[in-house]
Every structure is written in C-alpha cells, then in structure tokens.
Amino acid sequence: MTESSQPSLYVPFETHHRVVYQDPREESVNAQDYARGLAAYLVSQHPQLNIKIVESNGIKCNNVADIHRQLAEMSKNWNLDEDAAAEFPSLVGLAEQGLEPDADSRALSEQLQLAYAYAQHTDVLILVEPLQAVDPQTQSIIFTQLEKRVKKHPVLAQKSKIFIVSETDEVSRRIQRDRSAA
C-alpha cells in the first residue's frame with residue numbers, strides 16, 4: 001500500500017460507554033472512509049484487538065416469515081438460551097414493529113443485517129450506516145436497547161466497544177447527549 005492510499009486515522013470520542021456514536025461529517029468524509037480510518041487508529045493503539053467493520057448491505061428479507069426464520073436460525077447457531085433468544089428481536093427493533101406484512105423491506109433487511117453484525121465474534125464492532133432506511137423512532141428504540149443490553153445480552157457482552165458510524169439525526173442527537181454528559 002502506498003503512502004497516499006493509507007487511510008486517515010480518525011480518533012474516536014473518548015468515553016467509558018461501550019456504545020460509541022461517530023458522525024463522519026465532523027471529519028468531512030463518508031461513513032465508509034471514516035470507519036476504515038477509525039479501525040486503522042484503533043489497530044495502531046491496540047494491535048491485539050480483533051476489529052470488524054460491518055456495512056449495511058447484502059442481506060435481503062422479503063417477508064415476515066423470512067425474518068422469523070432467519071432470527072430463529074441465528075438464535076440456534078449462537079446457542080442462545082430461551083430468554084436470550086426471545087429478547088433478540090427487540091435488540092434490533094423487530095419486536096416493537098410487530099413485523100407488519102407491508103413493512104419496508106429495505107428497513108427490515110437493515111435490521112436483520114444488524115442482528116448478523118451483533119453476532120460477529122470480535123472485540124470491537126464498527127457498524128457503518130446500520131439503519132439509514134429505518135425510521136427515526138425505530139432507530140431510537142434500537143439504539144436505546146443496544147445501550148441497555150450491551151453488557152447483559154450474551155451476544156453483545158463479548159464486545160468491548162461497538163461504534164456506530166452514521167450521518168443520521170438520531171446518531172447526531174446521541175453524540176451531543178454523550179458530549180454534554182462528559
């Protein structure tokens with residue numbers, strides 16, 4: 001890799017929280033470049049960390065039955081106990097929606113992608129624009145559930161940090177909240 005192709009290093013906001021929100025617009029870059037720069041910085045500071053960047057793409061779901069089938073399969077693959085498996089849909093905002101048959105398939109796909117992202121075996125998870133197609137109210141529900149359950153749910157508790165890199169208004173609001181509290 002040449003010197004010019006090295007990513008810029010983006011230093012995250014220092015916080016004791018396990019869920020950290022980052023807005024790439026603060027550095028005048030897109031979310032993908034910011035995530036790569038954030039990962040490069042984290043590796044430079046902690047070479048032993050296993051870091052995974054997950055972009056929202058690739059997973060498709062066409063109907064409610066498909067969502068239920070894939071969530072059940074994920075819970076089985078992770079060997080979740082009954083309580084953890086039952087709680088899992090609420091972590092990605094699917095329980096709150098009631099899974100309406102006419103729900104936006106792009107938003108549902110992003111929520112399912114988020115479930116797969118949570119399942120990654122990694123120390124640090126960097127989620128790139130995970131919920132762009134999801135309405136702001138559901139984004140708020142999902143991020144609140146993540147913050148509440150990150151230390152307690154068996155799938156989430158394995159991660160030392162989860163970074164949300166996004167340009168959404170909900171992420172901007174949470175950044176301001178966290179900085180005000182610091």
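For first residues located in segment 12-24 and over 12 Å from R179 (Cβ atoms) and hydrophobic (A, V, I, L, M, F, W, C), partners that are part of a loop (DSSP other than H, G, I, E, B) and modelled with pLDDT of 90 or more and lie 6+ apart or on another chain with Cβ distances below 9 Å do not occur.
Listed by first and then second residue, the pairs with beta-carbon distance under 7 Å, at least 6 apart or on different chains, first residue in segment 153-179 and touching a residue at least 40 places away in the same chain (Cβ under 8 Å), second among the hydroxyl-bearing types (S, T, Y) and assigned to a helix (DSSP H, G or I), are V155/Y118; L156/Y118; V165/Y34. If you go through segment 110-162 and keep only what is over 11 Å from the mean Cα position of the chain (by Cα) and among the hydroxyl-bearing types (S, T, Y), you end up with T122, T138, S140, T144, S160. Out of the residues in segment 39-58 that are among the polar types (S, T, N, Q) and modelled with pLDDT of 70 or more, state the one that is farthest from A157 (Cα to Cα). Here the residue is S44. In segment 80-92, the residues that are closer than 27 Å to Q132 by Cβ form Cβ pairs under 8 Å with partners that are modelled with pLDDT under 75 and assigned to a helix (DSSP H, G or I), at six or more places apart or across chains, as follows: P89/A95; S90/E96.
Candidates are the residues of segment 59-87 that are in a helix (DSSP H, G or I) and within 22 Å of Q137 (Cβ to Cβ); the one that is modelled with the highest pLDDT is L71.
The values are calculated or read from the model by the stated rules, or taken from the named source; none is laboratory data. Because the structure is a prediction, the values reported are computed rather than measured. So basically every Cβ, Gly included, is an ideal-geometry build from the backbone, and we count neighbours across all protein chains shown.
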